[in-house]
1. Taking only the Cα atoms of the stretch 112-266, how large is their convex hull per residue, in Å³?
2. Quickly work out the N116-to-N178 label distance, labels modelled 7 Å from Cα along the C-beta direction, and quote it in nm with one decimal.
3. Relative contact order, percent, of the stretch 112-266 when contacts are C-alpha pairs under 8 Å separated by at least 6 residues?
4. Test of understanding: ordering Y153, Y145 by Cβ neighbours within 10 Å, fewest first, what list do you get?
5. About the Cα centre of the stretch 115-269, what is the dipole size in debye to 20, counting +1 per Lys and Arg Cβ and -1 per Asp and Glu Cβ, all else neutral?
6. For a quick check: with amide H placed at 1.01 Å from N, whose amide H comes under 5 Å from S143's, ignoring anything fewer than 5 positions away on the same chain?
7. Amide H of F128 versus every other amide H placed in the peptide plane: which residues, excluding those fewer than 5 positions away on the same chain, fall under 5 Å?
8. Quick one: what are the phi-derived ³J(HN,Hα) couplings along the stretch 141-150, Karplus 6.51/-1.76/1.60 with θ = phi - 60°, whole Hz, x for glycine and proline?
Amino acid sequence: MYKLNKVKKKKIILILITISLAVLIVGGFFYFKSKQKNVLIYEKNSTGEDLNQKIESSNNDVVEESKNNELPETTVTKDNSAITDKTEEKVVENNPKEVPAENLKIEEQEKAKENNLNIKDRLVSWGFSSSKGRKIDTIILHSSYNVLGGDEYNFDKIIQEYKDYGVAPHYIIDRKGNIFRLVNDKNIAYHAGESQVPDGRTGVNDFSIGIELINNLEDKFTANQYEAVNDLISYLKDEYKIKYVLGHSDIAPGRKTDPWNINWEKIKK
């Protein structure tokens, strides 16, 4: 009885060992097949076939999305970079090299003219109103001096006098012939008052440039002042189609008598 049981135990052990070996062999077989499949997939991807299909599908999605969002048209350059039309326009606008050479030349010429005249800016904040595109065809010459006390030709006091009255010319020329700009040409300076030019037009401030020369009732204008005012008149004639060069007394007779003691033969009209 004992021997029989021992034989049965050996048989059972052998069967278990056989089953285990079979399981290991079958499992190893499927594991090998799985690895082989993965190797084949990798080899396909390495050729680019499957990847290209994926990229093509992705590109189709992007194109479809672009149509739905109505993106701006693009220009593809040689280096495959895409630049929108709007971006190209913006770059052109902000590029200083795109400014027409003719415009730059005109600006340089104007600056050169002013530099030759040596016009000094002493812009004031009163005595004028802003304007755009006004037509200038008249130059009015004035004279004034300091009535606030002290030196009659004190520049700062003359400017203070203008401020007190709320008036201003576009330019003022001192006794040495220095030219100062108080109001930009484009703006309407309050210098003429109630007046009328020979062709019957009133509101002379609207279409004129006012030039003050510092002088009193008795003295004469200096040689430097005549030279400076003639240079300024020539400059303004180059800038605008000047029809008249007149004195304050010409446009407001009986009310104004300046420019006092001026020799009109020395003025280049």
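1. Working: hull volume 17.6 nm³, N = 155.
Enclosed volume per residue, from the Cα hull, is 114 Å³.
2. 2.3
3. About 32 percent, as a whole number.
4. Least crowded to most crowded, the residues run Y153, Y145.
5. Details: 21 positive and 22 negative charges, 105 e Å.
Rounded to the nearest 20 debye, it is 500 debye.
6. Those lying under 5 Å, H to H, from S143 are L213, W260.
7. Y190
8. 3J(HN,Hα) across the stretch 141-150, in whole Hz: 9, 10, 9, 7, 8, 7, 10, 8, x, x.
Read-outs throughout are calculated quantities, based only on the coordinates presented, and are distinct from any laboratory measurement. Just so we're clear, the structure is a prediction, and the values are computed from it rather than from any experiment. As a convention, Cβ positions derive from the backbone with ideal geometry for all residues, glycine included, and neighbour counts pool all protein chains shown.
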